[in-house]
Amino acid sequence: DQQVKQNSPSLSVQEGRISILNCDYTNSMFDYFLWYKKYPAEGPTFLISISSIKDKNEDGRFTVFLNKSAKHLSLHIVPSQPGDSAVYFCAASDGQGGSEKLVFGKGTKLTVNP
Amino acid sequence: DTEVTQTPKHLVMGMTNKKSLKCEQHMGHRAMYWYKQKAKKPPELMFVYSYEKLSINESVPSRFSPECPNSSLLNLHLHALQPEDSALYLCASSQDGTGQQDTQYFGPGTRLTVL
């Protein structure tokens, strides 16, 4: 039972354009959502998070949108840069159960072409 | 500063060896985690320490033995591993694993190869 789904294994965009990475979840108890970026053979780097009481959070080129009714969140990267090429993981936690357990999606590999 | 350090970066060991992975953070975080990650898969949680006490063990085989000597250090002792245990082992820490909306910060990982 996959509670966090990233249905696009890969995404390719041109430098300077917008990258939109999507994530769906099934557990309505999730109340905190995070995006991590991962280069090969390195640990995930925290990018941005959003609480379930918000619908948008912005940090520089990165914006996360949350649609609770649709159980959907997305990460927008504008403008995309070649250095953004990496695997992006969506993760969620259930506040009721404590936030020790992060549930990860399977990741989306983003390629930004110069 | 959100740095978590891990040593060694790479480790090759035989199935009869005993080795240890080390993790350190100086952010004052009170929760620390071990994850295992295979290629093209998301990280899998192994253990969680909260306030230096083991709070979660995700049914990990006993050949993996965690230790938290103090709030800044986390070790993973390895003994009699199998080739299928080869993976990237990630350490993470967070402010307070028992709280809500707590962000986990990951170290760079140790690439383990079991021959």
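Note on the stretch A:26-41: among residues that are out of contact with any helix residue (DSSP H, G or I) (no Cβ under 6 Å at 6 or more places or on another chain) and buried (at least 16 other Cβ atoms within 10 Å of the Cβ), the one that is nearest to the other protein chains (Cβ to nearest Cβ) is A:Y32. Looking only at residues of the stretch A:51-85 that are of a type in the set (G, A, S) and touching an Asp or Glu at 6+ places or on another chain (Cβ under 9 Å), we find that the one that is farthest from A:F33 (Cα to Cα) is A:S80.
For the stretch B:20-46, residues that are surrounded by 14 or more Cβ atoms within 10 Å (Cβ to Cβ) and either within 10 Å of chain A (Cβ to nearest Cβ) or of a type in the set (V, I, T) (or both) total 8. Examine the stretch B:60-68 for a residue that is within 9 Å of chain A (Cβ to nearest Cβ) and buried (at least 16 other Cβ atoms within 10 Å of the Cβ), and state whether such a residue exists. Scanning the stretch B:60-68 turns up no residue that is within 9 Å of chain A (Cβ to nearest Cβ) and buried (at least 16 other Cβ atoms within 10 Å of the Cβ). Remark: pairs (first residue in the stretch B:47-58, more than 11 Å from chain A (Cβ to nearest Cβ); second residue surrounded by 13 or more Cβ atoms within 10 Å (Cβ to Cβ) and of a type in the set (S, T, Y); Cβ separation under 6 Å; 6+ apart in sequence or on different chains) = B:E52/B:S71.
Residues of the stretch B:89-111 include at least one that is under 16 Å from B:T7 (Cβ atoms), surrounded by fewer than 21 Cβ atoms within 10 Å (Cβ to Cβ) and within 12 Å of chain A (Cβ to nearest Cβ).
Of the listed requirements (1) within 19 Å of B:K36 (Cβ to Cβ); (2) touching a Ser or Thr at 6+ places or on another chain (Cβ under 8 Å), A:P40 misses just one: (2). Is it the case that some residue within the stretch B:5-19 is more than 9 Å from chain A (Cβ to nearest Cβ), farther than 25 Å from A:P40 by Cβ and surrounded by 15 or more Cβ atoms within 10 Å (Cβ to Cβ)? No, the conditions are met nowhere in the stretch B:5-19. I'm trying to understand the selection: among the residues of the stretch A:66-95, which are over 24 Å from B:Q101 (Cβ atoms) and in contact with a Cys (Cβ under 6 Å, 6 or more places away or on another chain)? Hits for the stretch A:66-95: nothing passes.
Taken together, the values in this text are just the output of simple stated rules run on the coordinates, not laboratory data. Worth saying up front: this structure is predicted, and the values here are computed from it rather than measured. For neighbour counting, all protein chains shown are included, and Cβ atoms are generated from backbone atoms with ideal geometry for every residue, glycine included.
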